[in-house]
């Protein structure tokens, strides 16, 4: 009876390709620039910029706090897959999480200008699902790190947060939501070219590593 009713009401054919369909939906979006404001949470992964296997730039502009400037600028994903850009203890920090045991990080002393600060994260694709991250603070390069394995956007299931980390935190270095204390935070994500990703490749790779 179930199959008869399913055919009658257009349920068939059944399709359990969640991973592939999520990737296909993201690729339909041709937008290459996104802007977010502080305390925006949570943006679903399927509504987030598709950074899958492509170069991109994240630019954060803000006014420093009157006392201590700290907190999350942009958090993407969770402790299981994703990355976060934040300020803590006088440092600009970046952490990329490929898995619970494989992580990459950058730290650099950071003293924002009194009027308006600018932080830029540049991800330059260097190969399939791989790239190099450069951190720029007020037009000065402060660090770089190679990311040999990266996740597609649809793999970071916790979505995107701006000005805080409202979900399962990307890192244990702070206690969520670790709201950004600066003022007038604006984060822009610029995508370069088209996604080169094979939707199932990173998923199959991480399964083999478990």
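The values are calculated or read from the model by the stated rules, or taken from the named source; none is laboratory data. Not measured: the values here are computed from a predicted model. So basically every Cβ, Gly included, is an ideal-geometry build from the backbone, and we count neighbours across all protein chains shown.
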**Request:** Being loosely packed, with under 15 Cβ neighbours inside 10 Å, more than 21 Å from residue 185 (Cα to Cα) and out of contact with any helix residue (DSSP H, G or I) (no Cβ under 9 Å at 6 or more places or on another chain) narrows it down to one of 127, 90, so name that one.
**Result:** 127
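Hey, can you tell me all the residues within region 147-191 that are without any contact (Cβ under 8 Å) to a residue 24 or more places away in the chain and farther than 21 Å from residue 54 by Cα?
Across region 147-191, the qualifying residues are 175, 176.
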**Request:** Please enumerate the residues belonging to region 132-143 that are in a strand (DSSP E or B) and under 22 Å from residue 113 (Cβ atoms).
**Result:** 134, 135, 136, 137, 140, 141, 142, 143
**Message:** Take the conditions farther than 14 Å from residue 189 by Cβ, touching a strand residue (DSSP E or B) at 6+ places or on another chain (Cβ under 9 Å) and surrounded by 15 or more Cβ atoms within 10 Å (Cβ to Cβ) and apply them to residue 104. Does it pass?
**Reply:** yes
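Does region 6-22 contain any residue that is under 27 Å from residue 109 (Cα atoms) and modelled with pLDDT of 90 or more?
Kept after step one, since they are under 27 Å from residue 109 (Cα atoms), are these residues of region 6-22: none.
Among the residues of region 6-22, not one is under 27 Å from residue 109 (Cα atoms) and modelled with pLDDT of 90 or more, which makes the answer no.
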**Request:** Starting from region 129-146, take each residue that is touching a residue at least 60 places away in the same chain (Cβ under 8 Å) and list its partners that are part of a strand (DSSP E or B), counting only C-beta distances under 8 angstrom and pairs at least six apart or across chains.
**Result:** 131/123; 131/124; 131/125; 131/146; 131/147
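Looking at region 144-171, which of its residues are under 16 Å from residue 71 (Cβ atoms) and either part of a strand (DSSP E or B) or more than 15 Å from the chain's Cα centre (by Cα) (or both)?
If the condition is that a residue be under 16 Å from residue 71 (Cβ atoms) and either part of a strand (DSSP E or B) or more than 15 Å from the chain's Cα centre (by Cα) (or both), then 160, 161, 162 are the ones that fit.
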**Message:** If I ask for residues that are buried (at least 22 other Cβ atoms within 10 Å of the Cβ) and modelled with pLDDT of 95 or more, which ones from region 135-160 would you list?
**Reply:** 135
**Asked** Going by the structure shown, is residue 113 under 18 Å from residue 191 (Cβ atoms), surrounded by fewer than 19 Cβ atoms within 10 Å (Cβ to Cβ) and either without any contact (Cβ under 8 Å) to a residue 60 or more places away in the chain or under 18 Å from the mean Cα position of the chain (by Cα) (or both)?
**Response** no
